[in-house]
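Input: a single structure, listed below in structure tokens.
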Amino acid sequence: ASYAPGAEVVIEGLLKLPAFNGRTGTVDSLDEDTGRYNVLLDCPAGAGTAKWAKVKGDNLRPRLPAPPQFAPTLSVDSDLPLEYSCFLSTPGGSGGIPPTPKWEDSFGQLAMGGLSTTPLKLDALL
């Protein structure tokens, strides 16, 4: 594999220095003489000076991007066939999909004697 300067990578498959496996860094350049990449290793905040490593391309893989930091959205297609129309909610609240139960609803039932008040017994902690 070939990596351009600035590529974010993960080190893997090292046998002589396995402590470096899983470390992440950024490719700075390819050392043509040794055939190894100069990688600036990521270091935790406050860990001191940055460290460099020379790593064969076979021991690098691209670092996956972080997952997106937004909540998923759900939309309903209003052009559903008639047999699926029961799943559409109407503005008045009557419709196919019931609202999500709330803790307060369950607690209210508990207070009125609708649910068991027997405490749960913990048998094991795993």
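Values in this text are rule-based calculations from the coordinates and carry no lab data. Everything quoted here is computed from the prediction, not taken from an experiment. Reconstructed Cβ throughout: ideal geometry from the backbone, glycine too, with neighbour counts over all protein chains shown.
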Nitroxide proxy distance, nm - points 7 Å out along Cα→Cβ at Thr73 and Asp28:
4.4 nm
Ranked highest first by the average count of other Cβ atoms within 10 Å around their residues, in what order do 11-19, 24-32 fall?
24-32, 11-19
Neighbours of Glu12 by Cβ distance under 12 Å: Lys/Arg at +1, Asp/Glu at -1, summed charge +3
Once Lys and Arg are counted +1 and Asp and Glu -1 for all other residues with Cβ under 10 Å from that of Asp42, the total becomes +2
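Residue separation times 0.36 nm, minus the C-alpha to C-alpha distance between Glu12 and Lys102: what's the value? Intermediate results must be reported in sequence, preceding the final value.
Working: separation 90, 0.36 × 90 = 32.40 nm, distance 4.64 nm.
Between Glu12 and Lys102, full extension yields 27.8 nm more.
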